[in-house]
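J.: Before anything else, here's the structure in question.
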Amino acid sequence: MRTLLLVLMVLASVIAGRAAPAADLQPLLDVLLAVGPEGAGHEKATVAWRQLSLADAAQLPDILAALDKAGPLTANWIRTVVDAVAERQLRGGGALPVAGLREFLADQTHNPQGRRLAYELLLRVDPSAKERWIPKSLDDPSLEMRRDAVARVIGQADALFGQEKKDAAVAEYRRAFTAARSPDQIRHTAGKLRELGQTVDLPRHYGFIQRWKVIGPFDNVGEKGYAVAYPPEKKIDLDAKHPGKNGQVGWIDFIGQHDMGMVDFNKILAEEKGVVAYATTVFHAPDKSREVQFRITTFNAIKLWLNGRLIDEHNVYHGGSQLDQYVCSAQLKPGANVILVKVCQNEQTQSWAKRWSIQLRVCDERGTAILSTDRDR
């Protein structure tokens with residue numbers, strides 16, 4: 001319903017067909033930026049939106065800049081303002097501010113979605129802009145710009161591969177693989193490189209943690225174990241033995257070999273139901289603190305601690321296991337950082353409920369791997 005309302009607002013501004021004189025847009029943009037969930041501020045935002053939709057096209061870069069401060073909800077309002085202003089201008093035979101849009105796109109400090117929108121506006125009036133911008137976007141903060149750039153290099157590599165120019169194809173596939181952040185492009189380039197006899201380190205590319213200490217199983221009958229603070233939650237003592245579900249348990253070394261960083265507790269501890277396992281590792285950060293993202297993929301209920309502080313938890317069983325299912329941000333301190341994960345399996349017996357595993361990677365907001373300084377973690 002809300003999406004339909006925004007579409008109708010865009011059409012209304014196009015039909016109006018007249019631009020308002022250039023004015024200070026910031027107070028109106030601030031109204032949109034203040035929109036909250038469950039309808040908070042929507043009435044005022046609707047009025048501000050109508051006024052903004054009549055802005056001069058020359059002000060499009062200023063409107064796009066508001067996306068730098070926007071959350072997902074307010075970004076929708078601002079994007080539809082951009083669409084309304086541009087559509088009205090083009091339907092009326094007017095021009096878009098090409099120089100201003102180019103300057104906005106070139107400034108990589110702007111919001112990636114805003115920059116992509118500026119690029120798409122440029123394409124509407126100048127299709128040749130693609131060949132000017134995409135070849136230099138392999139390292140772009142905008143994942144959409146980067147994806148287009150990687151696709152271009154993959155096309156070149158595929159052509160070289162078809163011509164049996166092996167060395168040249170390897171170089172291009174390697175260049176595309178290094179820049180790729182989309183899983184389908186990573187899979188394609190990794191597959192081609194291996195087909196050409198090259199070594200590809202997928203866990204390193206993604207930032208999956210491969211070295212763990214694992215302990216379990218502890219009791220989770222009736223799913224009660226999720227709330228129970230078993231000994232590893234109180235103190236990580238790698239030499240200690242603890243009462244487990246079936247007797248004494250101790251920490252086991254695990255070094256993953258799975259391309260996608262899979263830690264399979266069914267294989268490490270034996271397949272069982274109604275159980276809890278813990279995995280811990282030490283992640284060594286450079287001599288400065290930095291914010292990172294922990295991205296988790298699991299079919300099970302989980303809790304995640306960093307240096308003794310709970311930073312993420314999801315009491316959900318068998319809710320899917322797509323890559324980067326759960327994402328949380330946290331601050332790594334300089335030096336050693338202790339990561340602890342609790343992974344709970346319930347008692348469902350269906351074949352699709354057997355998985356008891358986790359994949360955890362450390363990366364930045366673009367999905368670029370951040371590696372422990374001791375490399376192999």
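J.: For the list (1) part of a strand (DSSP E or B); (2) without any contact (Cβ under 8 Å) to a residue 40 or more places away in the chain; (3) not aliphatic (A, V, I, L, M), I need the number of the one condition that Asp253 fails.
T.: Only one criterion is unmet by Asp253, namely (2).
J.: Here's another thing I want to ask about it. How about the stretch 89-105: which of its residues are over 15 Å from Asp68 (Cβ atoms) and in a helix (DSSP H, G or I)?
T.: Residues satisfying the conditions are Gln89, Leu90, Arg91, Val98, Ala99, Gly100, Leu101, Arg102.
J.: Moving to a separate point now. Determine whether the stretch 41-60 contains at least one residue that is under 27 Å from the mean Cα position of the chain (by Cα) and either modelled with pLDDT of 80 or more or of a type outside the set (Phe, Trp, Tyr) (or both).
T.: Quick first cut of the stretch 41-60, residues under 27 Å from the mean Cα position of the chain (by Cα) only: none.
The answer is no; no qualifying residue exists.
J.: Filter the stretch 142-169 for residues that are in contact with a helix residue (DSSP H, G or I) (Cβ under 7 Å, 6 or more places away or on another chain) and either among the acidic types (Asp, Glu) or at pLDDT below 95 (or both) and give the result.
T.: Glu144, Asp148
J.: Every residue in the stretch 344-368 that is of a type in the set (Val, Ile, Thr) and touching a strand residue (DSSP E or B) at 6+ places or on another chain (Cβ under 7 Å), please.
T.: First, the residues of the stretch 344-368 that are of a type in the set (Val, Ile, Thr): 349, 358, 362, 368.
Within the stretch 344-368, Ile358, Val362 meet the criteria.
J.: What number of residues within the stretch 295-327 satisfy the criterion of being touching a residue at least 24 places away in the same chain (Cβ under 8 Å), more than 19 Å from Met262 (Cα to Cα) and surrounded by fewer than 15 Cβ atoms within 10 Å (Cβ to Cβ)?
T.: So the answer is 2.
J.: May I ask you to list the residues in the stretch 179-225 that are assigned to a loop (DSSP other than H, G, I, E, B), among the aliphatic types (A, V, I, L, M) and without any contact (Cβ under 8 Å) to a residue 40 or more places away in the chain?
T.: From the stretch 179-225, those assigned to a loop (DSSP other than H, G, I, E, B) are 180-182, 196-201, 207, 209-210, 220; that's our starting set.
Filter once more, so that each one left must be among the aliphatic types (A, V, I, L, M): 180, 196, 200, 209.
Correct list: Ala180, Leu196, Val200.
J.: Here is a list of conditions, (1) surrounded by 12 or more Cβ atoms within 10 Å (Cβ to Cβ); (2) out of contact with any helix residue (DSSP H, G or I) (no Cβ under 6 Å at 6 or more places or on another chain); (3) at pLDDT 95 or above, and Ala99 meets all of them except one; can you say which number that is?
T.: Of everything listed in (1) surrounded by 12 or more Cβ atoms within 10 Å (Cβ to Cβ); (2) out of contact with any helix residue (DSSP H, G or I) (no Cβ under 6 Å at 6 or more places or on another chain); (3) at pLDDT 95 or above, Ala99 misses just condition (1).
J.: Regarding Val343, is this residue more than 17 Å from Asp264 (Cβ to Cβ) and in the same structural domain as Val292 (by TED's automatic domain parsing)? If you could, list the steps in order and put the result at the bottom.
T.: On the way: more than 17 Å from Asp264 (Cβ to Cβ): no; in the same structural domain as Val292 (by TED's automatic domain parsing): yes.
No, not satisfied.
J.: So for the stretch 222-244 (the condition being among the basic types (Lys, Arg), surrounded by fewer than 16 Cβ atoms within 10 Å (Cβ to Cβ) and more than 23 Å from Leu310 (Cα to Cα)), does at least one residue qualify?
T.: Pass one, the stretch 222-244, residues among the basic types (Lys, Arg): 224, 234-235, 241.
Within this subset, residues satisfying the condition of being surrounded by fewer than 16 Cβ atoms within 10 Å (Cβ to Cβ) are 224, 234-235, 241.
Those left that are additionally more than 23 Å from Leu310 (Cα to Cα): 241.
Taking every residue of the stretch 222-244 in turn, at least one turns out to be among the basic types (Lys, Arg), surrounded by fewer than 16 Cβ atoms within 10 Å (Cβ to Cβ) and more than 23 Å from Leu310 (Cα to Cα).
J.: Determine the pairs where a residue that is on the phi < 0 side of the Ramachandran plot, located within the stretch 78-90, has a partner that is of a type in the set (Ser, Thr, Tyr) with Cβ atoms under 7 Å apart, the partner being 6 or more residues away or on another chain.
T.: Val81/Ser53; Ala84/Ser13; Ala84/Ser53; Val85/Ser53; Arg88/Ser13
J.: All but one of (1) in contact (Cβ under 8 Å) with a residue 24 or more places away in the chain; (2) surrounded by fewer than 22 Cβ atoms within 10 Å (Cβ to Cβ); (3) part of a helix (DSSP H, G or I) hold for Asp139, so report the exception by its number.
T.: Only one criterion in (1) in contact (Cβ under 8 Å) with a residue 24 or more places away in the chain; (2) surrounded by fewer than 22 Cβ atoms within 10 Å (Cβ to Cβ); (3) part of a helix (DSSP H, G or I) is unmet by Asp139, namely (3).
The values are calculated or read from the model by the stated rules, or taken from the named source; none is laboratory data. Every value quoted in this text rests on a predicted model; they were computed, and no experiment measured them. Neighbour counts are summed over all protein chains in view; Cβ atoms, including those assigned to glycine, are modelled from backbone coordinates with ideal geometry.
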